[in-house]
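First up is the structure itself, then whatever we jot down about it.
The values are calculated or read from the model by the stated rules, or taken from the named source; none is laboratory data. Note that the structure is a prediction, hence the values are computed from the model and not measured. Counting neighbours? That spans all protein chains shown, and the Cβs are built from the backbone with ideal geometry, glycine included. Note: areas computed on protein heavy atoms with side chains; ligands, DNA, RNA excluded. Shrake-Rupley method; radii C 1.70, N 1.55, O 1.52, S 1.80 Å.
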Amino acid sequence: MPNRLLIGVAGAATLALALSGCVPNNAASTTALTVAITDDTCAVSDSTAAAGAISFSITNSGTGVNEFYIFAEDKLRIVGEKENITPGQTASFVAQLEPGTYYTACKFERVGAPIGVAEFTVTGDTVTGSTSDRALEEQAVTNYIAYITSQVDELVPQVAAFATAYAAGDDETARSLFASARVSYERIEPTAEAFGDLDPKIDYREVDATAEGLDWTGFHRMEKDLWAPQAGDLNSDGESALLDWAPSTPQERQDIADGLVANVQELSDLVNADDFTVTLADISNGAIALLDEVAVGKISGEEDWWSHSDLYDFFGNVQGAEVAFGNVKDIASSKGAESSALVDDIEAEFAALKTLLGTYGSLESGFTSYDTVTAAERKALSNQVNALAEPLSNLTHIVLGVAE
Amino acid sequence: MTTQTPAEPEPTATGLSRRGLFGLAGAGVAGAALGGASAAAVMSGGGAANSAGVITTYPFFGDHQAGITTAAQDRLHFAAFDLSETTSRDELIELLKDWSFAAARMTQGQDVTEAGAVNGSPLAPPDDTGEALDLPASALTITFGFGPTLFTTDDGVDRFGIASQKPALLAKLPRFSGDALIPGAGGGDLCIQACADDPQVAVHAIRNLSRIAFGRASIRWSQLGFGRTSSTSTSQVTPRNLFGFKDGTANIKAEDPTTVNDQVWVGNDDAAWLTGGSYLVTRKIRMIIEAWDRTMLGEQERVIGRNKGEGAPLSGGSEFSELDFESKGAADQPLIDTDAHVRLAHSSVTKGSQLLRRGYNYVDGNDELGRLDAGLFFISFQRSPQQFIDVQSNLSRDALNEYIKHVGSAIFAVPPGAASGSYVGASLFG
């Protein structure tokens, strides 16, 4: 890996710097807005603003630490963030926003789903040529780190609820929570995998854990308990599903549930640590890595072998890839007409893939069980993944602009 | 039965059994005893060379079976067989004799019997299927192996009275990381590895040997391979696998008899009948080539631990330079990544275990998703299955695992070579 290209910026301190660096010199159109936060509300003084530098003055009238986010239209990718706003504090920051649809939201105590999600429209003309490459790169890294932490912070309570139901033997509730509890994890999978021993504990499939002699824990062990195999069923490695397997005892369930909660908390601690950072290459490679997760594990139905909820993971991977791409696409577009055309291709293929996935459901309404997706339908999905992955795999080269 | 006057002397005094000729009318050698002395070409000591000086014929008889340290040919047809439920011990022995007889002839470029493809009765189907008629031996070697289930079935039945001679380590391989085994695509009572420089010659061998086995054994699974992925001789250029990388640079070479003796041939510390033999492991390794192909060059090289052009280790030098696992780059990172394939497969980290690799590329058309069903049909020979287990276990965190799945697995004990006129397996059944 070209480590010389590593861009080491992290933490809240850099955020203000990065964003203020984006303010154009002729900041004629600066808009000043206020944000009123309580523990369960997040009110922005106006739902529209003109493109350019927009300053937010944020007051936390609640009882706990809060955060303010500006999401892109997908409600996932973060384009601006202010962390650690303590009760009684008024903080401010400036976001440089192009015309488009955004969403504002807060996150109480930094954990769980965003609160007070509201549409925020930026109008006017694109402000071009005002931002340096360096500033774009720093902004991409800062926003991506914010996105990672926001996803992990959503993961923590979802996993806790799932693990509680599983440990209590409330299988029906646990089954209903399994697929959605994994989505945030699937969106940031390459990041989690970068932490070496955590992913094996959280997300290893039985065949890999067994082969490596690891104590099998995490989501997939719980999955097999919840969708227990019948005699004659085969595991994904062709062996009998019952080989070296027995339903977890109540005590084992408790231990496994506690372990998953602890491991996800550790992941949260790691990505919220001051020294956590990613490189620009990590982001763009993460996009293709997520697509390959789909191409290798999800298309084949191996990921969720017992629950057949593969399409949730599939969708989460695609969303994660699109966010990663979105974080660096302005950098890519700035590298010339050919690069800009590649970005257009990627956007078109992402749209086509999401449209195709949409025919199988949504996160809100649920996805079709993957064992009912026919071979021809799987092939169509695979074809579209390949159609997207080919242009997407050239992203890093363009973003980093490495001279041969 | 029609008797054919031989147009030339019999190459050996042996013949196919009555049973082996069941479908092969007109050979006129039914029941002939095996083992008569002969000075035929089949038993010549060295390979016969063509006018270009390239060896194209290898002897079938010898201390070791051919097709192991033999310079790897370009093409493979491999087949695993299961014996039929009614096959007796005598019939099994007869089958092995028939196979050796036919293999001895075919490896010399001859038809499967004297009557062969066209010299038999016009009223009977030909003994030989004929597609190799105008082709030279093309360096054909035929290697036989015995699977664990030949000795005891999965239910523990000793069908042929040889359970007590089963080598301790001849057993189904353990589960490994990356296993996605397809039921029925592994294992087997017997195996035949046919290697040749012409694919039609290799296919001809398996086709005729499986025909001879009809009624006694049938193919359980089989594999065609093209493009050898290892060199087993220093005279061979290192070939490339379907990842586009040179494969087998550090393989055991025939010119290194010490290593071959230490790592490949079974010694006196195992089942006596297997001395001078080896263990054969096959792993059908499906490559996720679509994902690999869109991986950046730098990452491909990191995963392998060698550069793609020359095959030189990332620690520097040229293809055959020693790997330097300690050397570090400017950012203090190891030049050969800690998860690089070459590092984890190296004998310095596999308890000294080395394998003689003899794999082939394969493309079995495409899968139902329209992706090439392609990869590496891995074959290795070693003096103990433990060597393979050591190496494969060490590869559990191989960076390459992201791009491969093991879909087939089998292990066989490969008996020593047959003495002139004898048959492969005589040391076990004789």
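Before moving on, here are some points about what is shown:
- For region B:395-409, 3J(HN,Hα) computed residue by residue from phi via the Karplus equation (6.51, -1.76, 1.60; θ = phi - 60°) reads 8, 5, 10, 4, 4, 5, 4, 5, 10, 9, 9, 8, 9, x, 8 Hz, glycine and proline entered as x.
- Qualifying lysines (Cα of each under 20 Å from Cα of A:LYS82; at least 8 residues distant if same chain): A:LYS107
- Full-extension gain in nm, A:GLN265 to A:GLU119, via 0.36 nm per residue minus C-alpha separation: 49.5 nm
- Note on B:LYS97: lysines with a C-alpha under 21 Å away, same-chain residues under 8 apart excluded, are B:LYS166.
- Annotation: per residue accessible area for chain A equals 39 Å², rounded to a whole number [probe 1.4 Å, protein chains only].
- Between B:VAL414 and B:PHE146, B:SER278, B:TYR279, B:LEU280, the built amide H atoms are under 5 Å apart, and every one of these is 5 or more places off in sequence or on another chain.
- Chain A - percent of accessible surface contributed by carbon and sulfur, probe 1.4 Å: 50
- Prolate/oblate/rounded call for region A:228-355, Cα gyration tensor, a/c under 1.5 rounded: oblate
- Beta bridge orientation in chain A: antiparallel %, DSSP, nearest 5: 75
- A straight chain from B:SER396 to B:ALA168 at 0.36 nm per residue would run longer than the Cα-Cα distance by 79.6 nm.
- Summed over qualifying helices (DSSP H, 4 residues or more, each -39500 (n - 2.57)) and divided by its residue number, chain B shows a 222 nm mean residue ellipticity of -5000 deg cm²/dmol.
- Folded to 0 to 90 degrees: helix B:385-394 orientation relative to chain B principal axis, Cα: 30
- A simple spin-label model places the labels of B:ARG240 and B:ASN261 3.9 nm from each other, with each point 7 Å out along Cα-to-Cβ.
- Straight-line cross-link partners of B:LYS253 among the aspartates and glutamates, defined as a Cα under 17 Å from its Cα and at least 8 positions apart when in the same chain: B:ASP74, B:ASP262, B:GLU319, B:GLU322.
- Once the 1.4 Å probe is applied to the protein heavy atoms, chain B comes out at 39 Å² accessible per residue.
- Residues of region A:275-297 that bury at least 50 Å² of accessible area once all protein chains are present, compared with their chain alone (1.4 Å probe, heavy atoms only, ligands and nucleic acids left out), are A:ASP292, A:VAL296.
- Amide H contacts for B:ARG220 (H built 1.01 Å from N in the peptide plane; partners 5 or more residues away or on another chain; cut-off under 5 Å): B:ALA80, B:PHE81, B:ASP82.
- When chain B is treated as a Gaussian network with alpha carbon springs shorter than 10 Å, the biggest mean-square fluctuation among B:MET287, B:MET296, B:MET106 belongs to B:MET296.
- Principal-axis tilt of helix A:11-20 within chain A, Cα atoms, nearest 10 degrees: 40
- Cα-based helix-to-principal-axis angle, B:89-106 vs chain B, degrees rounded to 10: 80
- Taking 30 Å as the limit for the C-alpha separation, the pairs A:LYS379/B:LYS246; B:LYS172/B:LYS405; A:LYS201/B:LYS172 exceed it in the case of A:LYS379/B:LYS246.
- Loop sites in region B:63-157: GluC sites (Glu not before Pro), DSSP, at most 12 other Cβ within 10 Å: B:GLU85
- Working note: Karplus 6.51/-1.76/1.60 with θ = phi - 60° gives region A:81-94 the couplings 7, 10, 9, 6, 8, 7, x, x, 7, 10, 10, 9, 7, 10 Hz, where Gly and Pro are set to x.
- Between A:ARG77 and A:ALA72, the built amide H atoms are under 5 Å apart, and every one of these is 5 or more places off in sequence or on another chain.
- Residue-by-residue Karplus 3J(HN,Hα) for region B:349-362, coefficients 6.51, -1.76, 1.60, Hz, glycine and proline x: 10, 10, 6, x, 6, 10, 10, 8, 8, 8, x, 9, 5, 9
- The A-B contact accounts for approximately 2300 Å² of buried accessible area, totalled over both chains at a 1.4 Å probe radius.
- Gap separating the Cα centres of region B:64-108 and region B:206-245, nearest whole Å: 13
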